[in-house]
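Here is the structure we will look at, set down as C-alpha cells.
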Amino acid sequence: MKQSKDFFWPSYVDLMTALFLTMLVLFVLSYKLFQDKQSGLIAANAQLKVQLKEKRKIDEIKEALKRLEDPRYFVYNKDFKRYELNFEVEFRPGRYELPAASRQPLIEAGRFLLRQMQSLKQEAGIQYLVLIEGRAAMDPRFPADHPINADLQAVRQLSYNRALAVLYLWREAGIRFPRNVELVPGGSGYRGAGRYTGFQREQRNKRFIIQIQPKIGSLDASR
C-alpha cells in the first residue's frame, strides 16, 4: 500500500506540472495573438486618421481652387474633374508657334493663375501641378486606326513643343510661380481625355489645355 502511494504522488505532480506548462504555453500564445491583433487595430486606426485628414485637406484645397473659376481664363470641367483654359488656342497644322492673337490672352491667363496660386495657403507637403498639355489633330479624312493617324514620336514631339511654347511665353513675360507650384509641360499627341471628336471638330485638337491639380504628400495623423 505504501509503494502504491509513493508511486501516485510523483505521477500526480508530473501531471500537474504538465498541465501547468500547457496552460502557460496557451496563455503566452493567447497573449501574443492579442498583442498582434491590438497592434493591427492601432495601425489600422492610425491609417484611417491619415486618410480622413487627407480627405479633409483635399476638400479644403478644392474649395480654395474655386477662385480659379473665372470665365475670362479658366473653367471647371466636371466630366474630367479639372480646371481648364476657357479659350481656344489653335495652332497651324504641323506648327508649334503660338498664334499672334493668342499671346496676350495667354499672358493675362498666366498672370491671373499666378495671382491665384500665390494667394493659396502654403503648407508643408502640399504642392500644385500645373500641367500644360499640348495636343495634335488627326486627319479626319481617315479612320483613327489608319497608319496616317498613327501616334508616332514626331506627333508627340509636336504636341510637347506646343506646351513648351506656352511655358517659354510665360517666362518671357516674367511670370514666376512659387516653389509649391510645379509647371509640367507634356504632349499627348492624338491621345488625351476630353478631345474633340467628329469630322468637323477634329481640327480643334491643334491646341493645348492647362490643368491645375493639387498634389498632397505624406500627412502626420498626430497633428
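The values are calculated or read from the model by the stated rules, or taken from the named source; none is laboratory data. Values in this document were obtained by computation on a predicted structure and should not be read as measured data. Ideal geometry is used to build each Cβ from the backbone, glycine not excepted, and the neighbour counts take in all protein chains shown.
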- Item | Single residue of segment 55-77 satisfying the filter (of a type in the set (Val, Ile, Thr) and either exposed (fewer than 13 other Cβ atoms within 10 Å of the Cβ) or touching a residue at least 40 places away in the same chain (Cβ under 8 Å) (or both)) that is nearest to ARG111 (Cα to Cα) | ILE61
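Among the residues of segment 69-91, are any assigned to a loop (DSSP other than H, G, I, E, B) and β-branched (Val, Ile, Thr)? Lay out the reasoning, then the answer.
Step one: of segment 69-91, the residues assigned to a loop (DSSP other than H, G, I, E, B) are 69, 71-73, 78-81, 86-91.
Next, only the ones that are β-branched (Val, Ile, Thr) stay: 89.
For segment 69-91, residues assigned to a loop (DSSP other than H, G, I, E, B) and β-branched (Val, Ile, Thr): present.
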- ALA43 meets each of (1) closer than 26 Å to VAL155 by Cβ; (2) free of Cβ contacts under 8 Å to residues at least 12 places away in the same chain with one exception, condition (1)
- Has segment 61-75 got any residue that is in contact with a Lys or Arg (Cβ under 9 Å, 6 or more places away or on another chain) and at pLDDT 75 or above? no
- Which residues, taken from segment 153-185, are charged (D, E, K, R) and surrounded by fewer than 16 Cβ atoms within 10 Å (Cβ to Cβ)? ARG171, GLU172, ARG176, ARG179, GLU182
- Say we look at segment 78-113 and pick out the residues that are under 21 Å from the mean Cα position of the chain (by Cα) and touching a residue at least 40 places away in the same chain (Cβ under 8 Å); which of these is surrounded by the fewest Cβ atoms within 10 Å (Cβ to Cβ)? ASP79
